[in-house]
Amino acid sequence: MDEIIAVVWPRPEDYPRFFEVCGPEDYPPTYIEFVQQALGILAAQGIDPGSIEKVHVDPDEMLQWCLRHHGKLDTETRALFAMFKVRSRHGKGAEAIN
């Protein structure tokens, strides 16, 4: 299996709750700014945005999973959640960026 790069990517309609759950230290206040920031991070890492798997998350499901399995919600646990979601669909071989 080819490597899958999983990126936590909330839907526009879920972004206000996603931002509320994750906080301003990691994410900008608007969805448009989030997309711009995410694309900038991918470009800086030399990753083609077309090659990623956007993991559309339910903010509350992500929060509950991270707290249940890791006791906190932070960059690392969000990445682990993204890998969990992708591996649930595709099996092993996922790497996450958050």
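The values are calculated or read from the model by the stated rules, or taken from the named source; none is laboratory data. The shown structure was predicted, so the numbers you read here are calculated from the model rather than taken from an experiment. Cβ placement follows ideal geometry from the backbone for every residue including glycine, while neighbour counts extend to all protein chains displayed.
Computed quantities for the displayed model
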read-out: Single residue of region 42-98 satisfying the filter (surrounded by fewer than 20 Cβ atoms within 10 Å (Cβ to Cβ), modelled with pLDDT under 95 and among the basic types (Lys, Arg)) that is farthest from Phe18 (Cα to Cα); value: Lys92
read-out: Region 1-21, subset modelled with pLDDT under 95 and of a type outside the set (A, V, I, L, M, F, W, C), residue farthest from the chain's Cα centre (by Cα); value: Asp2
read-out: Single condition Thr30 does not satisfy, out of (1) farther than 20 Å from Leu80 by Cα; (2) loosely packed, with under 13 Cβ neighbours inside 10 Å; value: (2)
read-out: Qualifying positions in region 3-19 - surrounded by 13 or more Cβ atoms within 10 Å (Cβ to Cβ) and either over 21 Å from Leu80 (Cβ atoms) or out of contact with any Asp or Glu (no Cβ under 6 Å at 6 or more places or on another chain) (or both); value: Val7, Val8, Trp9, Pro10, Arg11, Asp14, Tyr15, Pro16, Arg17, Phe18, Phe19
read-out: Residues that are among the hydrophobic types (A, V, I, L, M, F, W, C) and within 15 Å of the chain's Cα centre (by Cα), drawn from region 22-34; value: Cys22, Phe34
